[in-house]
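Below is one structure; the comments refer to it alone.
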């Protein structure tokens, strides 16, 4: 995930990362502390204050979506090449690219070199966004031609922007980055009924936004 710096920041501890206003940082981890994120800039990693940056979310980034949920989501897509990028389950801080290929879903590990550049094969990129744009016209697979295509989703799919811990038994727990299916949002503007991993419950509508707008 990328973020743009709103202010200059000078590190005061060894584990912090200095940056200048308008610089683009790669945010690696937002889960350990809501006030301090782990990020990377020019090949260096460190902690940055979350209120000094503005996130630049992409519709294809799904955060902590599991491999199984990624497959379930993509198998509902009609077009070849429908894709999403998610946080790696097996390698924290890394990313996985999941792509619909025929009736199956293939998963590619997004590799990174010592300079922090992202790549699948040979060509390297400064950001995930650059990698995605490149592979919309260059195959992600070496065994067959598969080009990345944006998913077409309905507004009934939403992405969580914050963690939510239920206070009542009829509420549904979720984490930032989870993709939920909205079952009912007519009964209340503040609390919607949603489904996640086979469980249903109420969620606060202000914690989520439409996952993907419909597109051709």
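The values are calculated or read from the model by the stated rules, or taken from the named source; none is laboratory data. Just so it is clear, the structure is predicted and the values come from calculations on it, not from any experiment. Every residue, glycine as well, gets a Cβ built from its backbone with ideal geometry; the counts of neighbours run over all protein chains shown.
Overview of values
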quantity	calculated
Given (1) modelled with pLDDT of 95 or more; (2) surrounded by 13 or more Cβ atoms within 10 Å (Cβ to Cβ), index of the condition residue 88 fails	(1)
Filtered residues of segment 102-118 (kept if crowded, with 16+ Cβ neighbours inside 10 Å and at pLDDT 95 or above)	105, 106, 108, 110
Filter pass, residue 172 being farther than 21 Å from residue 83 by Cα and buried (at least 18 other Cβ atoms within 10 Å of the Cβ)	yes
Of all residues making up segment 57-76, the number that are buried (at least 19 other Cβ atoms within 10 Å of the Cβ) and either assigned to a strand (DSSP E or B) or free of Cβ contacts under 8 Å to residues at least 60 places away in the same chain (or both)	2
Hits in segment 128-168 (condition: assigned to a loop (DSSP other than H, G, I, E, B), surrounded by 17 or more Cβ atoms within 10 Å (Cβ to Cβ) and touching a residue at least 60 places away in the same chain (Cβ under 8 Å))	146, 148, 150, 151, 153
Among residues of segment 13-56, those that are touching a residue at least 60 places away in the same chain (Cβ under 8 Å), surrounded by 15 or more Cβ atoms within 10 Å (Cβ to Cβ) and in a loop (DSSP other than H, G, I, E, B), counted	2
Considering residues of segment 3-21 that are at pLDDT below 95 and touching a strand residue (DSSP E or B) at 6+ places or on another chain (Cβ under 6 Å) only, the residue farthest from residue 208 (Cα to Cα)	21
Residue that is surrounded by the most Cβ atoms within 10 Å (Cβ to Cβ), among those in segment 1-12 that are under 12 Å from residue 49 (Cβ atoms) and under 22 Å from the mean Cα position of the chain (by Cα)	3
Condition met for residue 105 (in contact (Cβ under 8 Å) with a residue 12 or more places away in the chain, closer than 25 Å to residue 42 by Cβ and in contact with a helix residue (DSSP H, G or I) (Cβ under 7 Å, 6 or more places away or on another chain))	no
